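To start, the structure itself, in structure tokens.
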Amino acid sequence: MKVSPELPFQVIYSFYEHEFLGILPESYIVQTKGNRELTLQHQTLSVRNVTEFSHGLDEKDMELVHLIDDTHPEAIIRKFHKEKIRPADFFQRFFLPKSKYHNPRFLEYIQSYIDRKIADLFDLWVGKRLFFSNPDGEPAGRELFIQKEPARVYFHFDRNEENTHYFIIIKCGDERINFQFQNAKILCQQPVWLLVNNLLYYFPKEIDGKKISPFLNKWFIEIPRSLEEEYFKKFARPLIESHKVFLNGMTLIEEKHAPIARLVFSHSKQAQTGTLFEPSAEDTEKFSPTSAPDETIIQCLFRYGNYQLPLDENKSFSVEFSKEGTGWIFARIFRDSIFEKTKITFFKQLGVTFSHATCKMNRLDFLGWLNLHYDVLMNQGIELEELKNTSSDSTAEKYFIGQANISIEVKEGNDWFDVYSTVRFGKYEIPFIELKNHILSNIREFRLPDGTVAVIPSEWFAQFGNLSVHLQEDNGRLKLKKYHVGIVRSLEDKKLIVPAKDGKMNNLLEPEKLTDIPMPDEFNGQLRHYQKTGYNWLHYLNSLKMGGFLADDMGLGKTVQTLAFLMSLYKEKEIKNASLVIMPTSLIYNWEDEARKFTPALKVMKFTGPQRQKDPMVFHQHHVIFTTYGIVRMDHDFLKKYPFNYIILDESQAIKNFSSQISQAVKNLESANRIMLTGTPIENSTSDLWSQMEFANHGFLGNFKYFNSEFVIPIEKQKNQERSVELQKMIQPFILRRTKQQVEKELPEKFEQVLFNEMSEEQQIFYDEIKSGFRNQILKSIGEKGLAQSQFILLQGLTMLRQIVNHPRMLNEDYSGDSGKFNEVCEMIENAMKEGHKVLIFSQFVKLLTILREHLDKSNIIYAYLDGNTQNRKSPVEKFQHDDAVKLFLISLKAGGLGLNLTAADYVFILDPWWNPAVEMQAINRAHRIGQDKTVFIYKFITKNSVEEKILNLQASKLKLAEDLIRTDDSIFRSLTEGDIREILD
């Protein structure tokens, strides 16, 4: 019957019994007469119509309506059945015991959900009108009243000669509540709300409905003698621990004792365990957890007098019971929670955390833990007990329990480190050499002279594993090669060994303090401070007869440092055999140019090309031989017969793959000493380092299998920082690396370098064909029309040749071969990005930038781009300047020469240098300007034996003229002679 919101009404809340879901609440609007008298006119109140009556509701009512809606059967079905289903079908399917879908646990879960929802309602119902519906559905049936104070439950056990009666008494205030056989109902299980007649009783939170419901229609529960012990154990004992319980015919005593912490442990049956302590029969019976093979279960107990109680931080007292004659005694033991929590914190600090009073550990890990902390545990008064495993072999091992100590002292000899080490297990002192193979094989059990088994501490395997791999035995003495100074220093830093006295090897760790070696008089130039340090460092390695990495950033002068070192060797000492420098083909001309510039007195031979002289006597006539990795691969049978003084690898990452042909060919070469030059010793993986270091110092990093398992996998897959630091300290003495940031104060504001490269074979053929035809055409034009009238055809032809030098695809889109310069540019881009630099890439040719963009897009490299057709110049500039992910900015020289401020860049690549240095300078000044806080490195890419190199040489001579003579492309042409043109086209 619909209620009018315009007439007086009242909201009431009524309980009703649902056939399957039990007692549920509902909200109603009832029309009233006057202020309180309810009429029969009523309707359900829900979220669908609550706004209609909101003027007569308060905030609590609004909240109650929403909460009660969640308990409606339809809402329950939607909550627990995602697919649409009729209510009747839902209840028949899941609530009827005969249904195949019937699942008591599922029904308990639903009831628990409803219970929690109803529990939230009672606080809001205070002051509201509550009813229990009549059987005919009338909501305002029986009005209910909430009691003002909580009810209390008194639990009783009355033991007579035949059985025990368990019953409860409920009181509210001083009044005993008559609730049994009164059609009382539990409206909520936790916290309990009990309806007796028209009164609603609530209880303390520790009481739940399950303790009351058995007695709604029963005076007591009868416990027969045969079930007494089991019932007392499972029900009476925990009840006495948490509630006030009255015993009649039984005894309840209270006891206080000083607690003692105990660790009781048991090994799994597959573990070879020994008896460390004699367990009590009671504990053996009590403690029998299931454990995995080779696992130890540890239980934390607290002994109070004769009682052993499992850890439980939340208990103020525990209850134990025992039979005495024909009667029962219950003992309530007061627990010292502060003491127990202190011990638990203590165990946590030692690395053991208990869950439900137990902890699982690997057997050997536990024994190692026990050994490590044995003295501390004893000092804390902790009792230890091992339980015998009844299924264990009778020949179980007996283990040494106590701390293990190791002492290692290292002394530096002439050629070796002498290692003196002993290990102590209690009264036994064992030479470390006897444990070496155990550590290498990861075997933790070591048998002592008396037959007991000592467990090697797990941390020793990580701490001394690397040392054990490289230790060598010589007549019972342990030695370590001197190049393993990094291992020694690492152990010293961790205070694991007695520090060695300062020796020659330690000096490698402080290259700045090395003895200053005079520069050879023949050196043409002056090394910067950091370069002089590198020069001294190379000399020091030479004195130790060891190899190493000069790994400075690109552009810091690794070549000039090496040339100065070689010059010093050959001028100051009588060295007969030549040294070999192996490099990528693209670097041959750079080495030649640097040698001519800085060390002209050094006798240099280039061992490349089809006409190379395979004659050892020719090698003897030179100090240094320059060759390429490709030549070494082809001529290794010849080269391996020559005993070189030094072999120096430039861009040594070329041999990072130890199984590659080039790596094998290089390693077969003979030399007294070896040096690696690279800015990126590790390109893709930590494994890159092994092959290079194996070449520089054979055996230094062990075999590859060991290096991979001990360093590569832990560092790369497991992200093990300790192994990374260990490797870093190990190799540190033999890698000298300075970044541009570290030496910035020593550098000029701007550093320029020309990078030479060679054309590929296909490119060279294409270039020669075009050049030949063009040369004949231009010389004919000059002869017929004169030089002035031939400038257009000259510029046209030179431009075509420049395009081929950059990439033949610029002239012939069907060209499928390589470009030497393009490959060099791509490699430089990759290296610069790896080192975190930002690069401006300038070209006069938009088409070349287009080819480069295609390469970058395929490689998923993001970049900014600007040419003459770019409408919004600001956008790519902002992108490059402020986005750390954008490392590259491709710019056409004409579009980007003026008006741009690109101080985020510290590298500038000029892909196709040409006539006018001023044009290049404008491009360089985009990065090298006020506001730049980094040194700017400029790299110009020039192809050897091409029109580019000829123009570069011509430009150098023309620079002697006044500046205004070389300012534009037109002016350079006006200064050219026919002889210049013939030189260019030769």
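FYI, it's all coordinate maths here, none of it is from the lab. None of the values given here were measured: they were computed from a predicted structure. Every residue, glycine among them, receives a Cβ derived from its backbone with ideal geometry; neighbour counts consider all protein chains shown.
Provide, in order from the shortest bin, the percent of all Cα-Cα pairs of region 845-897 in each 5 Å bin, continuing until the bin that contains the maximum pair distance.
Reading upward from the zero bin: 4, 20, 30, 26, 18, 2.
Using alpha carbons only, what's the Rg to Rh ratio of region 293-442 with Rh from Kirkwood?
That ratio is 1.13, to two decimals.
Scale the Cα Rg of region 476-632 by the rule-of-thumb value 2.2 N^0.38 Å and send over the ratio, two decimals.
1.23
If every alpha-carbon in region 645-804 counts as one equal scatterer, what log10 I(q)/I(0) does Debye give at q = 0.10, 0.21 1/Å?
At q = 0.10, 0.21 Å⁻¹ the computed log10 ratios are -0.63, -1.31.
Give me the one-decimal nm value for the distance between modelled label points at Ser458 and His438, 7 Å along each residue's Cα-to-Cβ direction.
1.7
Go ahead and run the numbers for FRET between Leu350 and Asn248, Cβ-Cβ distance against an R0 of 45 Å, rounding to 0.05.
Efficiency computed from Cβ-Cβ geometry: 0.40.
Once the piece of chain linking Gln526 and His66 is laid out straight, how much longer is it, given 0.36 nm per residue of separation minus the C-alpha distance between them?
157.0 nm
Rounded to whole Å and sorted largest first, list the principal axis extents of the Cα atoms in region 429-478.
Extents along the principal axes, in whole Å: 29, 25, 16.
In Å and on Cα atoms, what radius of gyration and Dmax does region 540-683 show?
When restricted to the Cα atoms of region 540-683, Rg and Dmax are 14.1, 38 Å.
List, largest first, the extents of the alpha carbons of region 99-217 along their principal axes, each in whole Å.
Cα spread of region 99-217 along its principal axes, largest to smallest: 51, 47, 29 Å.
If I model the chain as equal point scatterers sitting on the Cα atoms and use the Debye formula, what is log10 I(q)/I(0) at q = 0.06, 0.09 Å⁻¹?
Values returned for q = 0.06, 0.09 Å⁻¹ are -0.78, -1.03.
Step through the table entries Lys750/Lys771; Lys233/Lys360; Lys771/Lys847, compare each Cα-Cα distance with 30 Å, and write down the pairs that go over it.
Over 30 Å Cα-Cα: Lys750/Lys771.
Beta carbons within 10 angstrom, averaged per residue: use that to sort the peptides 623-636, 843-856, highest first. Can you show the working numbers first?
Values: 623-636: 20.3, 843-856: 18.1.
So the order, starting with the most tightly packed, is 623-636, 843-856.
Computed from the mean reciprocal separation of all distinct C-alpha pairs, what Kirkwood hydrodynamic radius does region 77-126 have, in Å?
12.3
What is the gain in length, in nm to one decimal, between Glu143 and Phe235 on full extension, counting 0.36 nm per residue of separation less the C-alpha to C-alpha distance?
29.4 nm
Can you list residues from other chains, or at least 5 along the same chain, whose modelled amide H is less than 5 Å from the amide H of Gly305?
Hits under the 5 Å cutoff: Ala258.
What is the diffusion coefficient of region 9-146 in µm²/s, taking the Kirkwood radius over Cα pairs and the Stokes-Einstein relation at 25 °C with a viscosity of 0.890 mPa s?
Here the translational diffusion coefficient equals 151 µm²/s.
Defining a contact as two alpha carbons under 8 Å apart and six or more residues distant in sequence, what relative contact order in percent does region 106-152 show?
22
When N counts the residues of region 355-460, how does its alpha-carbon radius of gyration compare numerically with 2.2 N^0.38 Å, as a ratio?
So the Cα radius of gyration is 1.30 times the expected 2.2 N^0.38 Å.
Where Lys and Arg each count +1 and Asp and Glu each count -1, what net charge lies around Pro191 among other residues with Cβ under 13 Å from its Cβ?
On the way: positive: Arg116, Lys205, Lys210, Lys211; negative: Asp115, Asp120, Asp123, Glu206, Asp208.
That works out to -1.
Can you give the local net charge around Ser586? Use residues other than it whose beta-carbon is closer than 11 angstrom to its beta-carbon, Lys and Arg +1, Asp and Glu -1. Write down the numbers at each step before the final one.
Details: positive: Lys821, Lys944; negative: Asp650, Glu651, Glu758, Glu824, Glu827.
Here the charged neighbours net out to -3.
In square nanometres, what is one fourth of the surface area of the convex hull spanned by the alpha carbons of region 404-503?
Values: hull surface 25.5 nm².
Convex hull of Cα atoms, orientation-averaged projection: 6.4 nm².
Sort Met730, Met800 by Cβ crowding within 10 Å, fewest neighbours at the top.
Met800, Met730
Please tell me the relative contact order of the chain in percent, rounded to the nearest whole number, where contacts are Cα pairs under 8 Å and at least six residues apart.
Normalised by residue count, the contact order of the chain is 6 percent.
If you look for lysine pairs in region 57-140 that are eight or more places apart or on different chains, how many of them have Cα atoms under 27 Å apart?
Here the count comes out as 13.
If I take all pairs of Cα atoms in region 151-249, what percentage of them are more than 22 Å from each other?
Percentage above 22 Å: 30.
Apply the Debye scattering formula to region 184-223, with a single equal point scatterer on each alpha-carbon and no solvent, then give log10 I(q)/I(0) at q = 0.18, 0.35 Å⁻¹.
One equal scatterer on each Cα of region 184-223 leads to -0.48, -1.18.
Pull out a ≥ b ≥ c, the square roots of the eigenvalues of the alpha-carbon gyration tensor of region 807-887, then state rounded if a/c is under 1.5, prolate if not and a/b is larger than b/c, and oblate in the remaining case.
Oblate, since a/c reaches 1.5 and b/c is not below a/b.
Go through region 435-515 and name the trypsin sites (Lys or Arg not before Pro) that are in a DSSP coil and have 10 or fewer other Cβ atoms within 10 Å of their Cβ.
Passing sites in region 435-515 are Lys495, Lys501.
List the pairs from Lys205/Lys256; Lys606/Lys887; Lys436/Lys740; Lys640/Lys944 whose alpha-carbon separation is above 32 Å, in the order I gave them.
In this structure, Lys606/Lys887; Lys436/Lys740 exceed 32 Å between Cα atoms.
Between Asp637 and Asn720, with labels modelled 7 Å along Cα→Cβ, what's the label distance in nm to one decimal, could you check?
My value for the distance between the label points is 4.4 nm.
Excluding residues on the same chain fewer than 8 positions from Lys934, give the aspartates and glutamates whose Cα lies under 15 Å from its Cα.
Candidates past the 8-residue exclusion: Asp553, Glu744, Glu746, Glu749, Glu752, Glu835, Asp906.
Obtain the nm distance between the two label points defined at Val126 and Lys545 by a simple spin-label model: each point lies 7 Å from its Cα along the Cα-to-C-beta direction.
Calculated label separation equals 9.3 nm.
Grab the beta carbon distance between Glu409 and Ile575, set R0 = 35 Å, and tell me the FRET efficiency rounded to 0.05.
With a Förster radius of 35 Å, E is 0.35.
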